[in-house]
Each structure stands twice: as C-alpha cells, then as structure tokens.
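Colleague: This is the structure, below, for whatever I ask next.
The values are calculated or read from the model by the stated rules, or taken from the named source; none is laboratory data. These figures come from a predicted structure and were not determined experimentally. Every residue, glycine as well, gets a Cβ built from its backbone with ideal geometry; the counts of neighbours run over all protein chains shown.
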Amino acid sequence: MTDNGTQPAAAAEENGMEEMSFAELFEQEDNNTVITVGEVAIGTVVDRNDDALLIDVGDKAESYIAISEFRNEELEKPIEIGDQFEVFIEKRKEEGGLLLSREKAIAIKVWEQIAKIQEEDGTIEGRIDNRVKGGMSVDIGVPAFLPYSQIDLRPVKDLDALIGQNFEFKILKFNRKRNNVVISRRAILEEQRAKLREQMRSTLEEGQTIKGAITNITDYGLFIDLGGMDGLCHITDLSWGRVSHPSKLYTVGEEIEVKILKYDKDSDRVSLGVKQLKSDPWELVPEQYAQGARVAGKVVSITDYGVFVELEEGVEGLVHISEMSWSKKPRHPSKIVTVSDEIEVQVLKVEAETKRISLGMKQLLPNPWDLVEESYPVGAVIEGKIKNITDFGIFIGIEEGIDGLIHVSDLSWTERIKHPSEKYAKGEDIQAVVLKIDKENERFSLGVKQLEPDPWQAAASNYPTGSMVEGKITNVTDFGVFVQLEEGIEGLVHVSEISSDKIKTPVGMFTVGDTLKAMVINVSADDRKIGLSLKALEEGGDKGASAEEYAQKAQNAGPSTFGDLLKAAASSDENGEEN
C-alpha cells in the first residue's frame with residue numbers, strides 16, 4: 001500500500017489489472033485530476049436507473065456500475081443520488097471513460113480485514129447464503145466456506161434453517177490468490193463453552209437444581225447441555241413410572257429442569273435426574289392403596305403370567321392371570337385386556353418395602369363359586385355336557401366357568417376302565433352325582449357310579465361267611481386263584497386255602513374260565529374283598545366239621561383280607577413253605 005492508501009501498480013497487475021501508460025498519467029496530470037488504474041477511489045452517485053448507478057470519481061466522464069454490485073447496501077436502504085462509495089478503478093476504456101467495480105473495492109478491503117483478523121485471532125460477521133458440497137457458503141464480503149464440522153458443537157439436523165442468518169466466525173485459513181477462505185463458528189462456541197465450564201466448576205454442586213437443553217436422546221437416557229458441560233440423565237432417573245423410551249417424553253432442543261445427582265470434578269462427569277425433583281410416590285402407597293380398596297389404573301404391560309397396571313406415575317401393580325376372571329381361564333392375559341386399557345381393580349396385597357402391589361380384577365365381580373354349594377348340594381344329581389376327556393377322568397360343563405370332574409375311579413363300581421374314552425365321547429350329555437365341592441381350590445367332584453347302588457354293600461348279605469359259592473376263574477397267580485362270583489365281585493382262593501397238602505403255586509393247576517366251587521371264609525365290603533377256600537370243603541368233610549365252623553376257625557386263625565393274604569403269601573415264599 002502507498003502512503004495515501006492506494007494500491008500500487010504491481011498490485012493492480014496481480015489482480016489482473018492493466019497498468020496505465022505514462023501518456024495516460026500525463027494526460028490526467030494535465031487535467032489536474034489524478035486517476036490511477038488499480039486504486040480505490042471515492043465515487044459519488046450522480047444518477048441511477050433500474051440496472052446501474054452512474055458514478056463520478058472526478059474523471060472527465062462518469063461511469064456506470066451494475067446495481068447488483070451494491071446489493072448489500074440496497075438491502076440496508078435504497079441508494080440515493082449523492083451517496084458515496086469506495087470503488088475500484090479497473091481500467092480506462094478505449095472509447096473513453098473508466099471501468100469501475102464496487103465488488104472489487106469491497107474485496108480489497110475485506111482481504112485486508114481477513115488477514116488482520118486471523119493475525120489477531122479475531123472474528124468476522126457473515127451471512128450464510130446456501131448449502132454447498134461439504135458445508136455452507138457464507139458471505140463475509142467475499143464468499144467463504146463453512147465446513148459441516150465447523151457449524152456447531154454438535155451435528156445440525158436442519159441446515160436449511162441456518163440460511164439467511166448472520167453469525168460471527170473465526171478465520172481458519174485463507175488464500176487470496178485462489179480466493180479461498182475457510183471459516184468456523186464452532187471455534188467461537190468452544191471458546192465460550194470453555195469459559196462457562198470454568199465458571200460451572202466452581203458453582204456446580206450435588207443436589208443443585210439447574211436448567212439445561214437436551215442435545216441428544218438415546219435408548220438409555222438424555223444428554224443435557226447445562227451451559228458449560230454436558231450431563232447424562234439415565235432413563236431410570238427420568239420418571240418414577242415406566243419409560244419405554246426417552247423420546248416418548250422429550251425432544252432434542254427442549255429445555256428441562258434437572259437435579260444434580262453426582263458430579264465428578266476430575267472427569268467433569270455429571271449425573272442428572274428428573275424424577276428426583278418429585279417425592280417418591282411409594283412413600284404414600286400404604287395409605288392411598290389399602291388392602292381391599294377399589295382403584296382405577298391403566299394397563300402398561302402384558303406378560304404370560306399377568307398384566308401390570310399403572311395406578312399413578314411410579315406406582316404399578318400386578319394382576320396375576322389367576323386373578324383376572326372367576327370363570328374364564330385364558331391362555332394368555334392379552335385375551336382379556338390390551339395395553340392402554342383403563343380398568344378397575346381391587347388391591348389384594350401391598351408390599352411397600354419391595355414396591356409390589358398385588359391386584360385383582362375378578363374380585364369386583366360376584367364369585368360364581370359362592371352359589372355353587374347352594375345350587376349343587378352334595379348328593380344332588382346333575383346333568384352336563386362332556387367338555388374334555390383325560391387319562392384320569394372326564395370334565396363336565398356345569399355352568400359358565402365351572403366344570404366338574406368325574407374321576408376314572410368314580411365311573412363304575414365293577415368295570416375296570418383303562419381310559420374314559422372307552423365308554424364316553426366329548427360333547428356327550430351325561431348325568432352324575434355331586435360328591436364334593438372345594439370352593440377354595442375351585443374343584444367340583446362328581447361321580448357316575450354313585451347313580452347305582454354299590455354291589456359290594458350287599459356282598460356281606462349275599463355271600464355270608466361259611467356259604468358255598470360258585471364262579472368262573474378269572475386269574476391264576478402264584479399266591480392264589482381269583483373267582484368271579486358276579487359282575488364286579490371277585491373272591492380270592494389263597495394258595496394256602498387250596499388244599500391240605502402243601503402247594504407252592506396254583507399256576508398249572510387251574511384254568512382261566514373254568515367253574516370253581518368254594519367256601520366263603522371272609523367278607524369285607526369296605527375293603528371290597530371276599531376270601532374263599534377249597535381246603536375248607538375238604539377238611540370240613542373229613543373231620544365232620546360244619547362249613548360255618550371251619551370258616552370261623554379260618555377267620556380267627558388265618559388272613560382276614562386280601563392284603564393279609566398277600567403278606568402271608570410273601571412270607572411263605574421267603575420261608576420256603578406255605579402258611
């Protein structure tokens with residue numbers, strides 16, 4: 001630069017300008033007006049039209065400059081005649097007059113300013129014009145490049161929202177020859193943040209309440225800018241209640257109030273909490289949710305074993321699947337309720353220490369089992385449809401939600417039924433007798449055989465001790481022979497009662513299906529057993545004793561039940577002799 005602030009001819013040549021000839025300079029000197037090509041001069045607006053301004057710089061003739069080169073000035077206020085601006089003298093035209101440029105005059109000053117700002121680590125104001133590859137184009141007097149990474153401290157989601165906004169920037173680097181300037185807004189923000197961090201280190205304390213802006217939302221919590229450093233509010237500290245995801249409650253950029261839970265000054269790590277701004281609702285649960293109380297809540301979760309119901313923020317209770325209905329036995333709770341349903345429940349149990357509440361739904365409805373005992377007294381004959389058949393019995397539908405079970409042992413007095421499906425089919429109507437009602441365990445026991453008299457109850461009178469009987473052999477074992485006296489009634493001739501001679505086993509001596517005569521020596525209707533003897537016939541005849549006398553003797557001396565007979569048979573096998 002020259003002493004008067006003009007650019008020398010060498011600089012003009014560098015900018016692509018033509019150096020004036022000695023004749024041209026002499027001509028200007030002769031006219032007492034020095035106009036130097038390549039310098040910045042003050043020009044006055046003498047006229048304007050829609051496309052250009054007529055500028056007078058003291059030359060013989062005025063020169064036009066396109067009005068588009070004054071766009072920044074026009075934005076502030078309309079340019080009027082008499083306004084003055086710095087303009088750059090590019091060259092003298094052959095036809096006369098000068099070629100002037102407002103933009104180049106601005107650029108010369110801007111480049112000088114850029115160099116000075118970078119040297120002094122200062123800032124420059126600029127307006128973001130548009131998006132370009134890798135960043136944004138910013139007008140700082142000359143076009144400058146703002147990389148994406150230098151826009152803010154964190155990635156900006158809506159870059160288009162920045163277009164047209166003015167900010168302060170740092171000069172990272174520039175190259176005047178290539179018209180290249182790289183700037184940064186982030187560098188300014190980092191300096192500001194560092195100053196705030198230093199201030200916060202001396203004022204931040206655990207237990208303090210502070211406001212901050214949400215900068216990021218993750219599955220596990222919120223990152224919050226406290227003004228000088230970031231803090232993390234874990235998802236478990238967002239609410240006393242259930243939070244499926246932090247984004248359900250908050251959005252990025254939202255300002256919220258938090259409590260400082262923990263501050264590690266060495267690492268500048270800050271743990272934050274939102275729920276701690278409120279008292280723990282479980283402190284009042286025992287008072288507000290007494291056992292037996294009816295309360296309303298919202299279904300927030302469904303599992304295989306029940307549903308969780310939110311009674312208020314931070315207070316949830318479990319309705320177990322067994323407490324959902326008196327009648328229905330759902331395969332899954334989702335068959336009865338869905339998430340977000342508003343339902344009424346009854347408090348069954350409160351465990352404040354473990355923060356558990358047991359709830360019930362069926363308790364709000366009449367218990368059908370309360371009416372069962374009145375409607376179906378023991379001994380009553382009922383009729384129902386077979387709903388299910390299992391190995392152990394038949395389930396009969398009594399009324400909605402109440403089934404009765406006929407155990408396989410209660411199907412017949414006399415028949416040996418291996419599986420109920422041998423005699424019955426699903427959907428079939430059947431009559432049964434009420435045997436027992438267990439209200440607490442919700443069990444309804446029925447019987448079919450009880451519709452008929454028990455043939456064993458007449459056995460004592462039909463087969464008195466000492467009487468002679470005749471029947472078919474149904475089975476032959478090592479310990480005796482089984483004889484069917486009538487359908488469902490069998491007697492046992494123990495091996496010891498077959499003959500006076502010692503017999504190790506009756507197998508081979510008797511044939512299933514043959515008819516056999518024997519004497520009754522023992523009858524037990526309760527044990528459903530009849531003891532028979534062949535030896536009584538033989539000994540009674542040989543010794544002249546009556547059948548009744550032998551039977552009485554055998555009853556007093558010998559085994560009295562099948563169980564006794566079996567024990568005797570086992571003992572005989574162990575000792576190698578018969579009893």
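Colleague: Quickly run through the stretch 491-538 and pick out the residues that are buried (at least 20 other Cβ atoms within 10 Å of the Cβ) and of a type in the set (Asp, Glu).
Modeller: Glu497
Colleague: Any idea which of (1) closer than 24 Å to Pro453 by Cβ; (2) at pLDDT 90 or above is the one Ser412 doesn't satisfy?
Modeller: Checking Ser412 against (1) closer than 24 Å to Pro453 by Cβ; (2) at pLDDT 90 or above, the one that fails is (2).
Colleague: Quick check on my filter: what residues within the stretch 73-94 are closer than 20 Å to Lys109 by Cα and in contact with a strand residue (DSSP E or B) (Cβ under 8 Å, 6 or more places away or on another chain)?
Modeller: Across the stretch 73-94, the qualifying residues are Glu73, Asp83, Gln84, Phe85, Glu86, Val87, Phe88, Ile89, Glu90, Lys91.
Colleague: Hey, Ser334 hits all of (1) closer than 30 Å to Gly447 by Cβ; (2) not in a strand (DSSP E or B) but one; which does it fall short on?
Modeller: So the condition that Ser334 fails would be (1).
Colleague: Consider Asp478 carefully, then state whether it is within 30 Å of Ile398 (Cα to Cα), of a type in the set (D, E, K, R) and surrounded by fewer than 19 Cβ atoms within 10 Å (Cβ to Cβ).
Modeller: no
Colleague: Read through the list (1) under 21 Å from Pro455 (Cβ atoms); (2) touching a strand residue (DSSP E or B) at 6+ places or on another chain (Cβ under 6 Å), then give the number of the only condition that Val495 fails.
Modeller: (1)
Colleague: Do any residues in the stretch 221-232 that are touching a residue at least 12 places away in the same chain (Cβ under 8 Å) have Cβ atoms under 9 Å from those of residues that are buried (at least 20 other Cβ atoms within 10 Å of the Cβ) and of a type in the set (Ser, Thr, Tyr), where the two are at least six apart or on different chains, and which pairs are they?
Modeller: Close Cβ pairs satisfying both conditions: Gly231/Tyr263.
Colleague: Give the stretch 259-296 a look and list any residue that's surrounded by 14 or more Cβ atoms within 10 Å (Cβ to Cβ), closer than 16 Å to Ile210 by Cβ and touching a residue at least 40 places away in the same chain (Cβ under 8 Å), or say none.
Modeller: Within the stretch 259-296, Lys259, Ile260, Leu261, Tyr263, Asp268, Val270, Ser271, Leu272, Gly273, Val274 qualify.
Colleague: Same structure, new question: Identify the residue in the stretch 137-162 that is among the acidic types (Asp, Glu) and more than 22 Å from Gln192 (Cα to Cα) and, among all such residues, is surrounded by the fewest Cβ atoms within 10 Å (Cβ to Cβ).
Modeller: Asp158
Colleague: Still on this structure, please answer the following. As an exercise: evaluate Trp240 against (1) farther than 20 Å from Thr123 by Cβ; (2) assigned to a helix (DSSP H, G or I); (3) touching a residue at least 12 places away in the same chain (Cβ under 8 Å) and give the number of the one condition it does not meet.
Modeller: The failed condition is (2).
Colleague: Quick one: which strands (runs of 3 or more DSSP E) lie wholly within the stretch 421-537 and hold at least 1 residues that are closer than 30 Å to Pro377 by Cβ, outside the structural domain of Lys329 (by TED's automatic domain parsing) and out of contact with any helix residue (DSSP H, G or I) (no Cβ under 7 Å at 6 or more places or on another chain)?
Modeller: Qualifying strands (runs of 3 or more DSSP E): 429-438, 443-447.
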